[in-house]
Amino acid sequence: AASSRLDRPDGALSRPRGGPAALVPVLAQHRESAVLLAEEGSDVTAALANTVGAIDYDKLRVVNGAIDLTAIESLRAPIDELTVALDGLQTAVIEARSPWLVSALSTRLDDLLAEIDEQRVKLGNAQAAVTQAPAMLGADGPRVYFIAFTTPSEARGLGGFMGNWAEMTITNGRITFTDFGRTPDLNTGATDTTLPGLPAGFMQRYAGFLFADPQTGLVGPAAWSNITASPSFQYVAQVMAGLYPQSGGRQIDGAFVLDVAATAKLMEITGPVALPDGTALDPATAEQFLLADQYLLPTQAERVDLLEAVAFETVQKLLTSTLPAPPELGDMFGSLAREGRLVARSSRPEEQDVYQRNGMAGLLPGLDGGDGLAVSFNNASAN
């Protein structure tokens, strides 16, 4: 529709009756700008419509734990075409600028250039994601990711205590959960082992949080209980990658953290999770239960068993569900990523760039050479 409407003024301005305007100073510059913009705008919007219309989002869904990598790779050409089309529109807008134009029109052109820049950033993000996604999803060999489930009911700098964890393996687009457990399992596996090469800044700040034994220098009794002590996921993910293999796990390619709000959001996809007492947690009640009501259970053992059951059943149901299309997933989880409730990190710089572009890297803000102050809360005793 936009292409058709832009094509009409182009024709009207180019017809003989529009010719005299080309001879009138000031009016001539406005006519020239209008013809150029209408002509280029019609072509670009037609290209945009054709390209976007060719994308089949249904092919990009995760179905029963698998995604079609060929469908992802097929997006490269349409995104390239969109980029070329936007480049053409940007060039036309710049060429249409003239000191003779009235200020109202100049302002509109400035706004249009700003919007083009914004869309180019989004296209660049999509381009990076589509380029890296096949490898991240195991096209070149299995990828192993660590997933931490956290709750802010017990304070940690990143946002909350890690109660449960999962190990996810992706091979050629097929997702499986290859391990699952509680935080104490990893504490037991890591205690009295040699500390791996961890970030110096992390050890300087958090070694005393039961992370390292001051007498022996070995891994302390609550390293995994306090592993989310830093408010920067850059540190946390590096520590997870270094410590997980010597805690009984495998070498990982990246890590994710989901808090209770993200877990509750997953239930909008998987449906309610049944509890041992016959009741069920649904998206409307899950966050309140995980944040507060669980602590009303008579014993800690009951609470721990219940949390494990909730987390385990949720991830297992994901493998037998059809996930929403990518735009809908973005709407569901975008705000959670921006709030640091869903964060991710890859061991590969080019893949980490995808997370950073999309606001889910969990990094502290850059200071650009200035000073900064961060305040975080930690229950260092891990009780």
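Worth pointing out:
- Counted residues, segment 268-297 - those being part of a helix (DSSP H, G or I), within 18 Å of Phe149 (Cα to Cα) and among the hydrophobic types (A, V, I, L, M, F, W, C): 5
- Scope segment 189-209; condition assigned to a helix (DSSP H, G or I) and either open to solvent by 70 Å² or more (accessible area, probe 1.4 Å) or under 24 Å from Arg250 (Cβ atoms) (or both); matching residues: Gly189, Ala190, Ala200, Phe202, Met203, Gln204, Arg205
- Considering segment 348-360, the residues that are modelled with pLDDT under 95 and not in a helix (DSSP H, G or I) include one that is most open to solvent (accessible area, probe 1.4 Å), namely Asn358.
Residue by residue, here is whether (1) closer than 19 Å to Val35 by Cα; (2) open to solvent by less than 20 Å² (accessible area, probe 1.4 Å); (3) of a type in the set (Gly, Ala, Ser) holds:
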position	(1), (2), (3)
Tyr57	no, no, no
Ile67	no, no, no
Ile79	no, yes, no
Ala85	yes, yes, yes
Leu89	yes, no, no
Arg97	yes, no, no
Ser103	yes, no, yes
Leu109	yes, yes, no
Glu118	no, no, no
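- As a summary of the residue check, Ala223 satisfies the conditions (1) part of a helix (DSSP H, G or I); (2) hydrophobic (A, V, I, L, M, F, W, C); (3) over 30 Å from Arg61 (Cβ atoms); (4) touching a strand residue (DSSP E or B) at 6+ places or on another chain (Cβ under 9 Å) except for the one numbered (1).
- In segment 37-55, the residues that are assigned to a helix (DSSP H, G or I), surrounded by fewer than 17 Cβ atoms within 10 Å (Cβ to Cβ) and of a type in the set (A, V, I, L, M): Ala46, Ala49, Val52
- Filtered residues of segment 290-300 (kept if farther than 11 Å from Ala261 by Cα and either at pLDDT 75 or above or open to solvent by less than 80 Å² (accessible area, probe 1.4 Å) (or both)): Ala292, Asp293, Gln294, Tyr295, Leu296, Leu297, Pro298, Thr299
- Qualifying residues in segment 226-250 (those that are in contact with a Ser or Thr (Cβ under 7 Å, 6 or more places away or on another chain) and assigned to a helix (DSSP H, G or I)) - the one nearest to Arg156 (Cα to Cα): Val236
- Conditions (1) in contact (Cβ under 8 Å) with a residue 60 or more places away in the chain; (2) in contact with a Ser or Thr (Cβ under 6 Å, 6 or more places away or on another chain); (3) not in a loop (DSSP other than H, G, I, E, B); number of the one not met by Thr169: (1)
- For segment 115-122, the criterion of being within 18 Å of the chain's Cα centre (by Cα), farther than 30 Å from Arg182 by Cβ, modelled with pLDDT of 90 or more and hydrophobic (A, V, I, L, M, F, W, C) is satisfied by at least one residue.
- Once segment 250-275 is narrowed to residues that are at pLDDT 95 or above and small (Gly, Ala, Ser), the residue that is farthest from Pro184 (Cα to Cα) is Gly254.
- Residue list for segment 139-158, restricted to those being charged (D, E, K, R) and assigned to a strand (DSSP E or B): Arg143
- Restricting segment 317-347 to residues that are open to solvent by 40 Å² or more (accessible area, probe 1.4 Å) and in contact with a helix residue (DSSP H, G or I) (Cβ under 7 Å, 6 or more places away or on another chain) leaves a set whose member that is modelled with the highest pLDDT is Arg345.
- Any chance Gly173 is open to solvent by less than 20 Å² (accessible area, probe 1.4 Å) and at positive phi: yes
- Of all residues making up segment 310-359, the number that are among the hydrophobic types (A, V, I, L, M, F, W, C) and either more than 24 Å from Leu158 (Cα to Cα) or without any contact (Cβ under 8 Å) to a residue 24 or more places away in the chain (or both): 6
- Here Thr314 clears all of (1) under 20 Å from the mean Cα position of the chain (by Cα); (2) assigned to a loop (DSSP other than H, G, I, E, B); (3) surrounded by 13 or more Cβ atoms within 10 Å (Cβ to Cβ) except the condition numbered (2).
The values are calculated or read from the model by the stated rules, or taken from the named source; none is laboratory data. The shown structure was predicted, so the numbers you read here are calculated from the model rather than taken from an experiment. Positions of Cβ are generated from backbone atoms using ideal geometry, with glycine treated the same way; all protein chains shown enter the neighbour counts. Calculation scope for accessible area: heavy atoms of the full protein, side chains included, ligands and nucleic acids excluded. Shrake-Rupley method; radii C 1.70, N 1.55, O 1.52, S 1.80 Å.
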